[in-house]
Amino acid sequence: MAMDSFTRVLIVEDERLVARDLERRLRRLGYMVVALASTGNEAIHHALEHQPDLVLMDIRLRGQMDGIEAVASIRKHLNVRVVYMSAYIDEATLARAQATQPDTFLHKPFSNNSFQEMLQQVLPL
């Protein structure tokens, strides 16, 4: 549970403009963005440091670790909700992602309405 009245969200997205857009959308909806990360290692560091309520995780990231590996590592230490984001996903990647038991998948690009609906289903304010 969050230590304050805001739901705390970690955004893991390697495209800076997309990450900033997500941050803006979340803040407008009343969520607190605790950090932005663009690599798996950064995601793990920020998750352990900030202990978010929700991780929005892009599957394809910069560096050698993808989002699925990062989530597997984060989940060894934290019980956190996870939403994977991806523009395209093949069956093998989908199977790997499902093995980490995400709360849902968000297919890019997504509308404001579908983004809001997903947030309300996964982590209501």
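Within region 81-104, the set of residues being in contact with a helix residue (DSSP H, G or I) (Cβ under 9 Å, 6 or more places away or on another chain) and within 18 Å of residue 19 (Cβ to Cβ) comprises 82, 83, 84, 85, 86. Among the residues of region 39-58, the ones that are out of contact with any helix residue (DSSP H, G or I) (no Cβ under 7 Å at 6 or more places or on another chain) and either free of Cβ contacts under 8 Å to residues at least 24 places away in the same chain or within 19 Å of residue 87 (Cβ to Cβ) (or both) come to 3 in all. Look at region 5-17: where a residue is more than 19 Å from residue 49 (Cβ to Cβ) and a partner is among the hydroxyl-bearing types (Ser, Thr, Tyr) and surrounded by 16 or more Cβ atoms within 10 Å (Cβ to Cβ), sitting 6+ places away or on another chain with Cβ atoms under 6 Å, you get 14/38.
Being closer than 19 Å to residue 104 by Cβ, in contact with an Asp or Glu (Cβ under 7 Å, 6 or more places away or on another chain) and buried (at least 16 other Cβ atoms within 10 Å of the Cβ) holds for only one residue in 71, 83, 55, and it is 83. In a residue-by-residue description of region 25-48, the property of being touching a Ser or Thr at 6+ places or on another chain (Cβ under 6 Å), buried (at least 17 other Cβ atoms within 10 Å of the Cβ) and at pLDDT below 95 applies to at least one position.
How many residues, within region 112-125, are free of Cβ contacts under 8 Å to residues at least 12 places away in the same chain and in contact with a helix residue (DSSP H, G or I) (Cβ under 9 Å, 6 or more places away or on another chain)? Of the residues in that region, 0 qualify. Checking region 89-106 against the condition returns no match, with no residue being crowded, with 19+ Cβ neighbours inside 10 Å, more than 23 Å from residue 121 (Cα to Cα) and charged (D, E, K, R). If you go through region 20-35 and keep only what is in contact (Cβ under 8 Å) with a residue 40 or more places away in the chain and either outside any helix (DSSP H, G or I) or of a type in the set (Phe, Trp, Tyr) (or both), you end up with 29, 30, 31.
The values are calculated or read from the model by the stated rules, or taken from the named source; none is laboratory data. No experiment lies behind these values; they were computed from the predicted model shown. Positions of Cβ are generated from backbone atoms using ideal geometry, with glycine treated the same way; all protein chains shown enter the neighbour counts.
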